[in-house]
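The values are calculated or read from the model by the stated rules, or taken from the named source; none is laboratory data. Every value quoted in this text rests on a predicted model; they were computed, and no experiment measured them. Every residue, glycine among them, receives a Cβ derived from its backbone with ideal geometry; neighbour counts consider all protein chains shown. These accessible areas exclude ligands, DNA and RNA; they are computed on the full protein's heavy atoms, side chains included. Shrake-Rupley method; radii C 1.70, N 1.55, O 1.52, S 1.80 Å.
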Amino acid sequence: MKRVLVGIPVHNHLESVKKCIESVVASCECAEVDYTLIVVDDHSDSETLKGLIELNNTYFIHMVLLHTRLRTQNPAPNLGLAMNIALECMEASQADYYWNVETDVYPQRTCLAELIYALEQQPEVGMACPLFIDPEKKKTRHVFPGPEGIALAGQPIEVAPQDTRYVPWHHAGANIVPGEIAKDPRCRVDESFKLWCCDFDWAWCVEDIFEKKLLYVGKAQAVHVGCMSSSKVDRDSFESETEANRRVREKWHREHL
């Protein structure tokens with residue numbers, strides 16, 4: 001049986017957190033994997049903290065609850081920090097895969113199985129990502145990166161690409177990484193970027209350091225609600241996703257290439 005460690009960074013939005021965890025558990029059970037949920041609270045409000053304790057009691061066999069405030073007193077939410085804490089747990093685990101799922105993402109039942117199958121079929125891949133959809137609008141939220149790294153969105157779901165293809169970057173909302181990469185201390189997110197840049201930084205870490213390809217898996221689907229992974233101040237800190245793209249790529253060329 002495959003073993004999967006699921007990192008779930010949390011900042012408020014308790015109802016979305018509950019739905020996310022429920023959908024992750026359903027997808028893990030559908031894939032018939034042995035799974036552990038590493039839920040990392042990042043300065044959430046008291047209502048969310050209380051709810052997380054209740055969820056920990058419900059899923060106590062499979063869930064570990066951690067807090068970023070044990071590492072920093074900075075009250076601003078930091079998605080990258082929460083992701084890194086979960087990734088560090090991966091180092092001591094026996095898991096075959098690390099799956100990062102943000103709380104505004106609800107994987108569909110077969111999502112994890114499709115992602116694992118794609119990785120097994122293509123060993124040259126170091127990170128795989130599903131198709132993000134918005135069922136209420138019957139549109140896609142993210143498909144795969146287009147020109148200048150901008151995520152293509154707004155297509156009708158029925159015409160979204162269902163194939164598997166290499167892409168230049170990933171949205172970090174439901175990425176899966178093979179264990180040998182995720183356990184390596186170099187597979188970490190730059191905590192100074194916080195939101196959009198986390199996506200680029202983590203994807204290019206896999207691409208540039210580990211020399212692995214990035215894969216979009218159209219048959220794997222996840223509902224992406226959007227705008228719940230971090231605070232508004234983080235979302236407003238960049239002029240656009242294209243600008244964030246440029247800044248991170250410049251950082252990688254300066255520090256690693």
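The table below lists the values:
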item: Out of Pro135, Pro156, sole residue that is farther than 18 Å from Asn175 by Cβ, open to solvent by 30 Å² or more (accessible area, probe 1.4 Å) and touching a residue at least 24 places away in the same chain (Cβ under 8 Å); result: Pro135
item: Checking Arg69 against (1) surrounded by fewer than 14 Cβ atoms within 10 Å (Cβ to Cβ); (2) under 20 Å from the mean Cα position of the chain (by Cα), the condition it does not meet; result: (2)
item: Top-ranked residue in the stretch 36-58 [being farther than 16 Å from Ser16 by Cβ and modelled with pLDDT of 90 or more; ranked as surrounded by the fewest Cβ atoms within 10 Å (Cβ to Cβ)]; result: Ser46
item: Close pairs from the stretch 186-215: first in a helix (DSSP H, G or I), partner among the β-branched types (Val, Ile, Thr) and modelled with pLDDT under 80, Cβ under 6 Å, at least 6 apart; result: Cys197/Val248; Phe200/Val248; Asp201/Val248
item: Contacts under 9 angstrom Cβ, first residue in the stretch 9-21 being within 16 Å of Ala172 (Cβ to Cβ), partner of a type in the set (Val, Ile, Thr) and in a helix (DSSP H, G or I), 6 or more apart; result: Pro9/Thr68; Pro9/Ile85; Val10/Val17; Val10/Thr48; His11/Thr48
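Listed here are the residues, each with its yes/no results for (1) within 30 Å of Pro123 (Cβ to Cβ); (2) assigned to a helix (DSSP H, G or I); (3) free of Cβ contacts under 8 Å to residues at least 60 places away in the same chain.
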site	(1), (2), (3)
Gly7	yes, no, no
His43	no, no, yes
Leu52	no, yes, yes
Asn56	no, yes, yes
Arg69	no, yes, yes
Ala82	yes, yes, no
Cys89	yes, yes, no
Tyr98	yes, no, no
Thr103	no, no, no
